[in-house]
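The structure under discussion appears below in the form of structure tokens.
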Amino acid sequence: MNKTTGGLHPASMHSPIKGGEVERPSEFNYEFDADENGALFFLGTHGRRKLYNNPHANAMVQAFASSVGAGQIEDFVGRTLSNCRTHNEPYSYFGVDIGKERALIPYVYTIRNRNSTTHCLMNWQFEASHDKINWVALD
């Protein structure tokens, strides 16, 4: 499922990558769901300098959740289809901390759901925060 906001397609990220700085903002242009153009893929490849590895597993981001009912927390930011979900509780959430030195301006995002008729995502709110305390709804 792809969700666009504002009709804009690029997203920019100012990103110091371990082992070297990205000299200018990187743009991530959506082509199709699960393409290799997104910010998480970029971080999982250390700025396209290494083979992809889950960005949570390689400590480029930190995934977090209200609970994990199935799967592993890193599955949330990974590229492998898996049964990753929270417990079936009100106000459950998943999140990604991209790090203090990074800023991301999202215009397009993709939400992936497993192929199932149970435990399906029914509604969501896309939010951003600088401190994990104060949140702003983006979509």
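Quick note: the coordinates plus some simple rules give every number you see, no bench work behind them. Because the structure is predicted, anything quoted here is derived from the model rather than measured. Positions of Cβ are backbone-derived with ideal geometry, glycine not excepted, and every protein chain shown enters the neighbour counts.
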Discussion item. Consider the range 102-123. How many of its residues are over 14 Å from the mean Cα position of the chain (by Cα) and either loosely packed, with under 14 Cβ neighbours inside 10 Å or touching a residue at least 40 places away in the same chain (Cβ under 8 Å) (or both)?
Written reply: 9
Worksheet, complete the sentence: Pairing a residue in the range 87-101 that is within 11 Å of Phe64 (Cα to Cα) and in contact (Cβ under 8 Å) with a residue 12 or more places away in the chain with any residue that is in a loop (DSSP other than H, G, I, E, B) and among the basic types (Lys, Arg), where Cβ atoms lie under 8 Å and the two sit 6 or more apart in sequence or on different chains, gives Gly95/Lys132; Asp97/Lys132
Item to complete: Report, ordered by the first and then the second residue, all pairs with beta carbons closer than 8 Å, sequence separation of six or more or different chains, a first member in the range 48-68 that is free of Cβ contacts under 8 Å to residues at least 12 places away in the same chain, and a second member that is surrounded by 14 or more Cβ atoms within 10 Å (Cβ to Cβ) and part of a loop (DSSP other than H, G, I, E, B).
Response: Leu51/Thr45; Asn53/Thr45
Worksheet, complete the sentence: The correct count of residues that are within 15 Å of Leu40 (Cα to Cα) and in contact with a strand residue (DSSP E or B) (Cβ under 8 Å, 6 or more places away or on another chain) in the range 102-139 is 10
Response to the item:
Going through (1) of a type in the set (Val, Ile, Thr); (2) under 12 Å from the mean Cα position of the chain (by Cα); (3) in a loop (DSSP other than H, G, I, E, B) one by one, Thr80 fails only at (2)
